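Written out below as structure tokens is the structure these notes cover.
The values are calculated or read from the model by the stated rules, or taken from the named source; none is laboratory data. This one's a predicted model, so the numbers in the text were calculated from it and none came from an experiment. Using ideal geometry, Cβ is built from the backbone for each residue, glycine included, and neighbour counts are taken over all protein chains shown.
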Ligand code: DON
């Protein structure tokens, strides 16, 4: 059996192929010379699987799709409060290259529009001899799983015509938000925009965001969870500029576009989607890209506001074991967040007070959110207070060190069957 996912993606590409609207971004001369017919689509899952179709080997520059990752680097190194002192998180409702600041704070409204992205570029930590753009290139290469390069032609071409971005740089310097040389920062920002990728690279990069900052293939936590949350939130509200409301209602996936014709979208815990088609609309978004995202969101039920209830699945089974049937085993499955924990504790509260042993088996859980762990152990304490002996089986190590803190004695790392053998 062959999975139908590639056929479906190919079908979507074919259906949207005839949409010929939009125009190449001609304010960057080199972008006006690309082949307008290129068309590629990639989809990634949280476990790092990638499906791609069309011109999936064609390289193009990231342009504004680099902005969320520069923001992520700044957040990771400086922390959210320090970055918020330099750039806000409010949608601007204006074009991406608007020369404007927030009237009250005098800061750029958000890191997705150019003014916010230029200041964000200045916040990327520089190491000796390594420029900010190079630092971002290395970071994106790690996320992509291969060495990415700069497109020098596109960089030079944009630098020559960067009058608007230079105006923004000087404005930021004038009001004192930027405290370094505006020309150096704007040039660095333009270089960051010139990092070359394919849709497959972007899919690898997005898969890390979709997976809470963890790169599935290496198991490395490349981005902190709170950084991922901040980045995706800003992508949702500001990533599509002055079309953000339209995008949220019709597509409902945190996203970012680039004038090279790419759009990336990340649905937390589910998928990353990448489209490339160079003709863009008046907002700077790929026309066929928007078309594809609308279609995928509709067909695959990906709209963020269409969350399906997951709590029905937390209890896989409840049974008794042991010589005298005095062990009650609760096998959990899925993800333990607030809703699922509430359901579990509600079920556990029906357990009659007694000297019974209660075993809570986490083996089939895929993730325990912090609130899930806190509620679980609070439940354990209350069961103990009612006279139960309680153990939590964590043979797969789904609980993190922090989550176990203070509850080590309750957690058993051997397999459920082994544990139960002792009582049979
Ligand atoms: O700063 C610029 O104008 C470009 N380097 C990037 C703009 C961009 O991609 C806007 N997004 N769609």
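Do any residues in region 144-161 that are free of Cβ contacts under 8 Å to residues at least 60 places away in the same chain have Cβ atoms under 7 Å from those of residues that are within 14 Å of the ligand (Cβ to nearest atom) and part of a loop (DSSP other than H, G, I, E, B), where the two are at least six apart or on different chains, and which pairs are they?
From region 144-161, the pairs are 150/194; 155/194.
Out of region 29-48, which residues are surrounded by 13 or more Cβ atoms within 10 Å (Cβ to Cβ), assigned to a loop (DSSP other than H, G, I, E, B) and modelled with pLDDT of 95 or more?
Selection gives 34, 36, 38, 39.
Give all pairs with beta carbons closer than 6 Å in which a residue from region 317-330 that is in a loop (DSSP other than H, G, I, E, B) meets a residue that is at pLDDT below 95 and surrounded by 14 or more Cβ atoms within 10 Å (Cβ to Cβ); count only pairs at least 6 apart in sequence or on separate chains.
Listed pairs, sorted by first residue: 326/356.
Just checking, how many residues over region 408-422 are touching a helix residue (DSSP H, G or I) at 6+ places or on another chain (Cβ under 8 Å) and over 16 Å from residue 332 (Cβ atoms)?
Narrowing region 408-422 to residues touching a helix residue (DSSP H, G or I) at 6+ places or on another chain (Cβ under 8 Å): 410-412.
Retained after the next criterion (residues that are over 16 Å from residue 332 (Cβ atoms)): none.
Of the residues in region 408-422, 0 are touching a helix residue (DSSP H, G or I) at 6+ places or on another chain (Cβ under 8 Å) and over 16 Å from residue 332 (Cβ atoms).
Quick one: which of 274, 335 is within 16 Å of the ligand (Cβ to nearest atom) and either modelled with pLDDT under 95 or within 25 Å of residue 225 (Cβ to Cβ) (or both)?
Testing whether each residue is within 16 Å of the ligand (Cβ to nearest atom) and either modelled with pLDDT under 95 or within 25 Å of residue 225 (Cβ to Cβ) (or both) leaves just 274.
Go over the candidates 252, 284, 265 one by one and state the one that is in contact with a strand residue (DSSP E or B) (Cβ under 7 Å, 6 or more places away or on another chain), surrounded by fewer than 24 Cβ atoms within 10 Å (Cβ to Cβ), at pLDDT 95 or above and not in a helix (DSSP H, G or I).
284 is the lone residue from the list that is in contact with a strand residue (DSSP E or B) (Cβ under 7 Å, 6 or more places away or on another chain), surrounded by fewer than 24 Cβ atoms within 10 Å (Cβ to Cβ), at pLDDT 95 or above and not in a helix (DSSP H, G or I).
Determine if region 233-254 includes at least one residue that is under 16 Å from residue 61 (Cβ atoms), touching a residue at least 24 places away in the same chain (Cβ under 8 Å) and within 13 Å of the ligand (Cβ to nearest atom).
no
Restricting to region 34-51, name every residue that is farther than 18 Å from residue 293 by Cβ and more than 14 Å from the ligand (Cβ to nearest atom).
Those that are farther than 18 Å from residue 293 by Cβ and more than 14 Å from the ligand (Cβ to nearest atom): 35, 36, 37, 46, 47, 48, 49.
Checking the conditions here, which among 81, 6 is at pLDDT below 95, assigned to a helix (DSSP H, G or I) and away from the ligand (no atom under 16 Å from the Cβ)? Give the steps one after another, and end with the answer.
On the way: 81 fails: at pLDDT below 95.
On inspection, the qualifying residue turns out to be 6.
Does residue 31 meet the test of being touching a residue at least 12 places away in the same chain (Cβ under 8 Å) and within 16 Å of the ligand (Cβ to nearest atom)?
Numbers: touching a residue at least 12 places away in the same chain (Cβ under 8 Å): yes; within 16 Å of the ligand (Cβ to nearest atom): yes.
It is true that residue 31 is touching a residue at least 12 places away in the same chain (Cβ under 8 Å) and within 16 Å of the ligand (Cβ to nearest atom).
Among the helices (runs of 4 or more DSSP H) confined wholly to region 91-184, which include 1 or more residues that are over 24 Å from residue 59 (Cα atoms)?
The qualifying helices (runs of 4 or more DSSP H) are 114-123, 163-174.
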